[in-house]
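Engineer: Once you've had a glance at the structure underneath, I'll fire off some questions.
The values are calculated or read from the model by the stated rules, or taken from the named source; none is laboratory data. Predicted model, so just to flag it, every value in this text is computed and none were measured. Here the Cβ positions follow ideal geometry from the backbone for every residue, glycine too, while neighbour counts run over all protein chains shown. Just the protein is used for accessible areas: all its heavy atoms, side chains included, with ligands, DNA and RNA removed. Shrake-Rupley method; radii C 1.70, N 1.55, O 1.52, S 1.80 Å.
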Amino acid sequence: MVCEIPRWSNAKLEIDTTTPFNPIKQDSKNNRPRYVADIFPYKGYIWNYGAFPQTFEDPNHTDKDTGCVGDSDPVDVIEVGQAISAEGSVHRVKVLGLVALIDDGETDWKVLAIRSDDPMADRIQDIKSLEAYMPGLVSATVDWFSKYKVPDGKPLNSWAFDGRAKDADYAHSVIAATHDAWSRLIHSDKEAGFALTNTTVRSSPHCLSADIASQVFKALTGGSSAQVPGDSTKVPVKWHYVHEGMVTNCSKE
């Protein structure tokens, strides 16, 4: 997985699928950087949050189980291990299962996983053992995703499977299917609104040589070798209490 957002931080960082080489950027709205609200009793994102590269939730495909199309993004990963991962870090993980958020009528898979180098990785093998060693985490995950947009004036999110977690075999089948969707996309002649520029998939019509890729990168960054994706030290200062789909301690800030 690629970590986009470290645990307990608030900056809404994500892989930008519309910019060449798909950098991690902070999402914005009305030209202002976005942060998730602190919703009681949670602080920011309650796990390391990221995505599986080379996956694609196809907006033209209706999933037979959820009845909804994909959300046009890579598959999200919820990493539950002990360490706080850094923005942009890459980790080998063990897949434990998944939950299926329905976000604005689109399927938004959330794969539950643990880093392979985590001290608990040998004991946590699946959803059942995750519940045994980290009781309440799956239900807290469903609760968090249900409520996290409410402080922005949006309704509670809904779930496929009534919010119940599916097992690792099911999760692996979703990962395989979304990888196939990515493969079709990366090999397509048209970019269809996505930045498919790459340097590793030689059979893709969007693959660039190292020299050309370097030129494109320098043009994008102004010659800088790296950019900070977001300032995760800036955090909201208000704890939101959400009950029955409403913020109950709403007041002018």
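Engineer: What whole-number value in cubic angstrom gives the convex hull volume per residue for the C-alpha atoms of the range 176-222?
Structural biologist: So the per-residue Cα hull volume is 87 Å³.
Engineer: Can you show me the helix-derived [θ] at 222 nm for the chain, built from DSSP H runs with n ≥ 4 at -39,500 (n - 2.57) apiece and divided by the number of residues, rounded to the nearest 500.
Structural biologist: Working: 4 runs with 49 residues, N = 253.
Using -39500 (n - 2.57) per qualifying helix, the result is -6000 deg cm²/dmol.
Engineer: Now for a different question. Which whole-number value in Å² is the accessible area per residue of the chain, probe 1.4 Å?
Structural biologist: 53
Engineer: So which trypsin sites (Lys or Arg not before Pro) in the range 173-204 end up in coil per DSSP with only 11 or fewer other C-beta atoms within 10 Å?
Structural biologist: On the way: sites: 184, 190, 202; in loops: 190, 202.
Qualifying residues, ordered by number: 190, 202.
Engineer: Using every Cα-Cα pair within the chain, state what percent have a distance larger than 30 Å.
Structural biologist: Percentage above 30 Å: 29.
Engineer: Along the Cα→Cβ direction, 7 angstrom out, place labels at residue 19 and residue 32. What is the inter-label distance in nm?
Structural biologist: 2.1
Engineer: Further question: Grab the Cα-Cα distance for residue 82 and residue 152, subtract it from 0.36 nm times how many residues apart they are, and report the gain in nm with one decimal.
Structural biologist: 22.2 nm
Engineer: Where the accessible area of the range 79-180 is counted over protein heavy atoms with a 1.4 Å probe, how much of it, in %, is carbon and sulfur?
Structural biologist: Details: 2350 of 4700 Å².
Carbon and sulfur: 50 percent of the exposed surface of the range 79-180.
Engineer: Mind ranking 39-45, 161-167 by how tightly packed they are, going by the mean number of other C-beta atoms within 10 angstrom, highest first?
Structural biologist: Taking the mean over residues of other Cβ atoms within 10 Å, the ranking is 39-45, 161-167.
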